[in-house]
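First up is the structure itself, then whatever we jot down about it.
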Amino acid sequence: MKFSEMPYQRIDMEETERRYRDIIERTRNASSGEEQFAIHLEYYDFKEDIETNMTIAQIRHDIDTTDAFYEKENDFYDEVLPILRNLENEYAKILYESPYRETLEQRLGRVTFRNMELEFKSFDEKLIPLMQEENALVSRYSKLIATAKIPFDGEIYNLSLMTKFTTASDRSVRVRAWKAVSEYFQNVTEEIDEIYDKMVKNRTEQAHMLGYENYIELGYYRMNRNCYDQKMVENFRDQIKKYFVPYASRLHEQRRRDIGVDSLKYYDNGVYFAEGNPCPTGTPEEILAAGQQMYRELSVETAEFFDFMQENELFDVLGRKTKRQGGYMTYLPRYKSPFIFANFNGTSGDVDVITHECGHAFQGYLLRNEEIREFADITMETAEIHSMSMEYFTYDWMDRFFGERADDYRKMHFADAAIFVPYGCMVDEFQHIVYAKPEMTPQQRKETWAELEKVYRPHLDYDQDPFFANGGFWQRQSHIFQCPFYYIDYVLASVCAMQFKVKMDDDFESAWAEYLKLCNLSARDFYINVIQEAGLKVPFDDGCIEPLVKELEKKAFV
């Protein structure tokens with residue numbers, strides 16, 4: 001069904017609770033594991049309607065954050081989500097403690113029950129008021145960023161639409177554009193500080209109510225870290241500091257030479273060529289059409305997937321002034337349909353949507369007919385491998401989007417992906433410090449960020465900018481606000497995707513087969529086991545990063 005034709009109806013909480021109670025009681029009173037499993041299949045159908053309506057409301061709210069109707073729907077779900085989570089938790093406990101657990105585990109898998117255990121550790125009914133307040137704070141931040149109005153050269157732009165100016169070939173334009181962005185954040189930084197301070201204290205209080213020292217342990221449980229812990233992540237970051245930061249610094253030095261400046265300033269961030277970064281040559285419609293042709297040629301599976309997306313209006317990618325910033329893939333279970341949301345802004349990032357978000361959506365499409373829904377319930381460090389790897393698997397088709405500058409795009413994309421790795425680790429370490437010391441003042445948080453930048457981004461010079469030079473850059477990183485501890489998942493996935501890049505350069509067909517295997521394995525096993533089964537090295541392991549960097553240096557187009 002086309003997205004525009006999908007009906008929306010706010011869920012009836014009274015009826016929803018009644019249905020939950022019925023399922024819970026029948027599951028509790030079932031006389032066999034097979035009977036409980038049959039009820040669980042009913043539960044899938046019941047939840048499909050809830051999740052589909054909630055997702056439609058989310059998408060339509062994000063498309064226009066000023067739409068009064070869907071803003072009210074968003075506020076409604078901010079309130080009821082914790083209540084729904086409590087009901088889900090109660091139902092999961094019946095399965096987890098079932099006398100027929102062995103039968104259920106054979107059907108639903110070990111990962112499902114480990115995830116239930118983490119859910120029990122991360123939620124309690126007494127948290128509901130705090131979780132409602134947390135959701136409202138996230139929505140407040142998201143709307144503040146989405147509705148940013150930045151005056152520039154006689155026009156008003158949002159943050160996404162400013163990107164074409166902050167990465168312009170003319171350095172003087174970049175300087176003025178970054179100054180405009182800085183001025184916007186200076187005007188709202190106190191409000192963002194207030195929002196984040198309340199978030200940190202709220203999340204810390206939730207952790208204390210569950211008996212944890214701070215939010216870090218709770219945050220890991222909420223991210224479903226079901227096979228690795230904080231120490232393993234810290235070891236990974238240490239490897240990145242030792243091997244990847246120097247590599248990224250060499251790439252920045254190459255970038256400095258390529259754009260012809262004496263020293264790199266913050267307004268040179270994201271700029272790779274003196275004549276300007278390569279931009280897509282077509283209209284948004286032509287970019288989507290080129291993407292469709294690309295996926296038809298890549299494989300039978302991707303051809304079917306992209307045709308389905310186009311035919312059912314499952315893209316909303318045009319940038320608009322009141323649209324939520326960023327991009328994502330989500331899923332509409334009733335219609336077995338992935339959906340891609342983005343903000344095209346005339347930069348190469350528009351093509352990245354057709355590769356990155358389509359990597360997510362393609363994996364979702366492959367699992368659309370999976371009977372056991374938990375097998376599709378992947379954790380984010382796995383999900384991001386699908387998207388980041390697809391960016392590399394589509395390299396050979398970049399001439400369709402960039403014409404004569406396809407090689408420039410590949411060089412830029414490769415370097416940008418490598419440069420991202422230290423930044424992603426910095427975001428993660430920042431959050432660990434913040435939640436370990438929730439009593440920090442807003443100013444201390446900014447000072448902490450500024451100190452971390454010296455470690456992870458030693459090349460960076462903010463040229464005495466009054467906002468960015470004082471540790472404010474993190475305030476534009478939405479993941480810090482919306483989903484604590486998510487960001488390291490991008491880095492872990494990037495390291496795996498780069499391993500696929502090394503493999504595909506040697507044998508594309510073999511690498512693609514391993515990628516498809518990874519997509520189909522999904523959450524049938526734990527993250528570490530799945531990536532090993534797909535032929536990848538585990539990023540946490542000593543000896544993963546150093547040899548990878550040596551391989552990447554051979555392919556960095558420098």
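The values are calculated or read from the model by the stated rules, or taken from the named source; none is laboratory data. Remember, predicted model here, so these are calculated numbers, not experimental data. Neighbour counts are summed over all protein chains in view; Cβ atoms, including those assigned to glycine, are modelled from backbone coordinates with ideal geometry. When the accessible area is computed, the model is the full protein with side chains, heavy atoms only, and any ligands, DNA or RNA have been set aside. Shrake-Rupley method; radii C 1.70, N 1.55, O 1.52, S 1.80 Å.
Ile59: in contact with a helix residue (DSSP H, G or I) (Cβ under 7 Å, 6 or more places away or on another chain), crowded, with 17+ Cβ neighbours inside 10 Å, of a type in the set (A, V, I, L, M) and in contact (Cβ under 8 Å) with a residue 60 or more places away in the chain, yes or no? Spelling it out, it is not the case that Ile59 is in contact with a helix residue (DSSP H, G or I) (Cβ under 7 Å, 6 or more places away or on another chain), crowded, with 17+ Cβ neighbours inside 10 Å, of a type in the set (A, V, I, L, M) and in contact (Cβ under 8 Å) with a residue 60 or more places away in the chain. For Lys93, the test of being surrounded by 13 or more Cβ atoms within 10 Å (Cβ to Cβ) and in contact with a Phe, Trp or Tyr (Cβ under 8 Å, 6 or more places away or on another chain) is passed.
When Ser263 is tested against (1) open to solvent by 30 Å² or more (accessible area, probe 1.4 Å); (2) within 23 Å of the chain's Cα centre (by Cα); (3) farther than 30 Å from Ser122 by Cβ; (4) not β-branched (Val, Ile, Thr), only condition (2) is not met. Does Phe273 qualify as being buried (at least 19 other Cβ atoms within 10 Å of the Cβ) and not small (Gly, Ala, Ser)? Spelling it out, it is not the case that Phe273 is buried (at least 19 other Cβ atoms within 10 Å of the Cβ) and not small (Gly, Ala, Ser). In segment 453-468, which residues are out of contact with any Phe, Trp or Tyr (no Cβ under 6 Å at 6 or more places or on another chain) and assigned to a helix (DSSP H, G or I)? Selection gives Glu453, Lys454, Val455, Tyr456.
Scanning segment 144-162 for residues that are modelled with pLDDT of 90 or more and assigned to a helix (DSSP H, G or I) turns up Leu144, Ile145. If the condition is being among the aromatic types (Phe, Trp, Tyr) and in contact with a strand residue (DSSP E or B) (Cβ under 9 Å, 6 or more places away or on another chain), then segment 159-181 contributes only Phe165. Among the conditions (1) in a helix (DSSP H, G or I); (2) free of Cβ contacts under 8 Å to residues at least 40 places away in the same chain; (3) more than 27 Å from His479 (Cα to Cα), the only one that Tyr295 does not satisfy is (2).
With respect to the conditions (1) within 30 Å of Thr167 (Cβ to Cβ); (2) in contact with a strand residue (DSSP E or B) (Cβ under 6 Å, 6 or more places away or on another chain), Arg324 falls short on a single one, namely (2). Listed conditions (1) in contact with a Ser or Thr (Cβ under 7 Å, 6 or more places away or on another chain); (2) surrounded by fewer than 23 Cβ atoms within 10 Å (Cβ to Cβ); (3) in a helix (DSSP H, G or I) are all met by Gln475, apart from (2).
Residue check: is Val427 in a helix (DSSP H, G or I) and closer than 19 Å to Gly270 by Cα? Against the criterion (in a helix (DSSP H, G or I) and closer than 19 Å to Gly270 by Cα), Val427 qualifies.
Considering only residues in segment 385-418 that are within 20 Å of Leu298 (Cα to Cα) and acidic (Asp, Glu), the one that is least open to solvent (accessible area, probe 1.4 Å) turns out to be Glu391. The criterion of being closer than 30 Å to Gly327 by Cα, outside any loop (DSSP other than H, G, I, E, B) and within 22 Å of the chain's Cα centre (by Cα) holds for Asn135.
Looking at this structure, is Glu374 over 30 Å from Arg176 (Cα atoms), assigned to a helix (DSSP H, G or I) and touching a residue at least 12 places away in the same chain (Cβ under 8 Å)? Against the criterion (over 30 Å from Arg176 (Cα atoms), assigned to a helix (DSSP H, G or I) and touching a residue at least 12 places away in the same chain (Cβ under 8 Å)), Glu374 qualifies. Among the residues making up segment 203-231, those that are outside any loop (DSSP other than H, G, I, E, B) and either in contact with a strand residue (DSSP E or B) (Cβ under 8 Å, 6 or more places away or on another chain) or open to solvent by less than 60 Å² (accessible area, probe 1.4 Å) (or both) are Arg203, Thr204, Gln206, Ala207, Tyr215, Ile216, Leu218, Gly219, Tyr220, Tyr221, Arg222.
Considering segment 430-451, and only residues there that are polar (S, T, N, Q) and part of a helix (DSSP H, G or I), the residue that is surrounded by the most Cβ atoms within 10 Å (Cβ to Cβ) turns out to be Gln431.
The number of residues in segment 520-531 that are open to solvent by 40 Å² or more (accessible area, probe 1.4 Å) and either under 14 Å from Phe500 (Cβ atoms) or touching a Gly at 6+ places or on another chain (Cβ under 7 Å) (or both) comes to 1. Residues in segment 97-113 that are under 17 Å from Asn529 (Cβ atoms) and not polar (S, T, N, Q): Glu105, Leu108, Gly109, Arg110, Val111, Phe113. So in segment 334-363, with the set limited to residues that are assigned to a helix (DSSP H, G or I) and more than 18 Å from Thr394 (Cα to Cα), which one is most open to solvent (accessible area, probe 1.4 Å)? Filtering first and then ranking leaves Arg334. Could you check, for segment 485-494, whether at least one of its residues is within 25 Å of Asp416 (Cβ to Cβ), touching a Lys or Arg at 6+ places or on another chain (Cβ under 9 Å), buried (at least 21 other Cβ atoms within 10 Å of the Cβ) and aromatic (Phe, Trp, Tyr)? Checked segment 485-494: at least one residue is within 25 Å of Asp416 (Cβ to Cβ), touching a Lys or Arg at 6+ places or on another chain (Cβ under 9 Å), buried (at least 21 other Cβ atoms within 10 Å of the Cβ) and aromatic (Phe, Trp, Tyr). The combined condition, being at positive phi, not β-branched (Val, Ile, Thr) and not in a helix (DSSP H, G or I), is not fulfilled by Gly403.
Can you find a residue that is closer than 21 Å to Asp238 by Cβ, in contact with a Leu (Cβ under 9 Å, 6 or more places away or on another chain) and of a type outside the set (D, E, K, R) anywhere in segment 393-414? Checked segment 393-414: no residue is closer than 21 Å to Asp238 by Cβ, in contact with a Leu (Cβ under 9 Å, 6 or more places away or on another chain) and of a type outside the set (D, E, K, R). Against the list (1) of a type outside the set (Ser, Thr, Tyr); (2) at negative phi; (3) crowded, with 17+ Cβ neighbours inside 10 Å, the condition Gly109 fails is (2).
Across segment 163-177, the qualifying residues are those that are polar (S, T, N, Q) and in a loop (DSSP other than H, G, I, E, B), and the one among them that is most open to solvent (accessible area, probe 1.4 Å) is Ser169.
When Arg237, Arg257 are checked against the criterion of being in a helix (DSSP H, G or I), over 30 Å from Asp124 (Cα atoms) and free of Cβ contacts under 8 Å to residues at least 12 places away in the same chain, a single residue qualifies: Arg257. Just one of the listed residues (Ile340, Ile287) is closer than 18 Å to Arg400 by Cα and in contact with a strand residue (DSSP E or B) (Cβ under 9 Å, 6 or more places away or on another chain), and it is Ile287.
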